[in-house]
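What follows is a single structure, written as structure tokens, with notes after it.
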Amino acid sequence: HREAESNEAQNFYLFKILRAHILPLTNCAFNKSGDRFITGSYDRTCKVWNTMTGEEMLTLEGHKNVVYAIAFNNPFGDKIVTGSFDKTAKIWSAETGELLHTLRGHATEIVCLSFDPHGQVVATGSMDSTAKLWDVERGVELCTLIGHTAEIVSLNFNTEGDKIITGSFDHTTKVWEVATGRCIHTLAGHRGEISSTQFDFSGDLCITGSIDRTCKIWNVDTGACINTLRGHNDEILDVAFSCTGARLVTASADGTARVYNTMTGACQAILIGHEGEISKVAFNPQGTKIVTASSDRTCRLWDAESGDCLQVLEGHTDEIFSAAFNYEGDTIITGSKDNTCRIWKC
């Protein structure tokens, strides 16, 4: 416990700079323990890195266009899925880099994807306005989630893995039953494209962020909108729950992030300090800190309770589009348009 407490007070320092790819990065993600992370790039590859040494372990080659969406099958971490502008997704061994399956069927680019929590199903979302569920073991399509009328830009499984939400440019989010591919609810009410979606840990609630400048909280069982969170004066680009779901945070093109009480919908803190839009936001696993990534070339760490800025992570020379904590909360990776990944430790 003493270690964890000292971490709370400590600052993050730059541990390593990885000049990951020659062409721009698209995304980065940790495995559960945080000892490996992956980067996707316009160079059509996904690379696997050792977090401690910063060395490149594997290059996953085979896509014929930009590798845009990437994920580990956490908590297991032995498989990686990559989604590409070449309309396919590929499942790889995270240990050997062997290509296990190529998932073909989407008509256009794949822009979002996820493993279910059991590692048995992959979901892919595409510009073709459909999502597809795939069997990981066999590499075959299980079903197509049809109903959206514009591209799907966000998707998430709940903790159980029996439901999935898809957020679309058609201004709606849909809740689907994984086992059957049936649409349970269409969450309608936003007046602009959806940018980001998330379930809370219990799976009872989900949140949707929109370019209409609001975030809505929904009851997953009934499909009812419980609350509309206002306050931003530009598009909401990302939303996230804390680990317990007691709080949520919204990140906006207005350069601020806002922390809300999930139950009451009250704004608890406004995170002010960035000089450009915030495209990514996340709580640490403990729920005590928030990291924001901005086009102003910095990330900031904030106290989730008070909203105070604890630290500015400086050094990237172009906009930062990705920031993620490992499960311990003692490591952050940031990905920037400057073509580097930076590892920060405390």
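The values are calculated or read from the model by the stated rules, or taken from the named source; none is laboratory data. Just so we're clear, the structure is a prediction, and the values are computed from it rather than from any experiment. Heads up, the Cβs are rebuilt from the backbone with ideal geometry, glycines too, and the neighbour counts pull from every protein chain shown. Remember, those area values only see protein heavy atoms, side chains included, never the ligands or the DNA or RNA. Shrake-Rupley method; radii C 1.70, N 1.55, O 1.52, S 1.80 Å.
Stretched out straight at 0.36 nm per residue, the stretch from M52 to T159 would grow longer than its current Cα-Cα span by 35.6 nm.
For a Förster distance of 56 Å, can you work out the FRET efficiency between the beta-carbons of T149 and Q10, rounded to the nearest 0.05? With a Förster radius of 56 Å, E is 0.70. Using a simple spin-label model with pseudo-atoms 7 Å out from Cα toward Cβ, T186 and D135 lie 3.1 nm apart. Residue separation of T244 and E61 scaled by 0.36 nm, minus their Cα-Cα distance, works out to 62.1 nm of gained length. Looking at region 221-346, the accessible area is 37 square angstrom per residue; that uses a 1.4 Å probe and ignores ligands, DNA and RNA. Over region 50-160, how many pairs of lysines fall under 16 Å by alpha carbon, counting only those 8 or more apart in sequence or from different chains? Taking the Cα cut-off of 16 Å, the pair count is 5. For the chain, the percent of C-alpha pairs falling in each 10 Å distance bin, counted from 0 to the bin holding the largest distance, reads 6, 27, 36, 26, 5, 0. Think of each Lys and Arg Cβ as +1 and each Asp and Glu Cβ as -1; about the Cα centre, that makes the dipole of the chain roughly 300 debye.
Sorted into 5 angstrom bins from 0, the C-alpha pair distances of region 242-324 split as 3, 18, 29, 26, 16, 6, 2, 0 percent. Legend: calculated FRET efficiency, I226 to T108, from the Cβ-Cβ distance at R0 = 51 Å, rounded to 0.05, equals 0.90. Rounded, prolate or oblate: which fits region 207-293 when a ≥ b ≥ c are the square roots of the eigenvalues of the alpha-carbon gyration tensor, with rounded for a/c under 1.5 and prolate only if a/b beats b/c? Cα axes put region 207-293 in the oblate bin. Report in % the part of the accessible area of the chain that belongs to carbon and sulfur, leaving out ligands and nucleic acids; probe 1.4 Å. Solvent-exposed carbon and sulfur of the chain make up 46 percent of the total.
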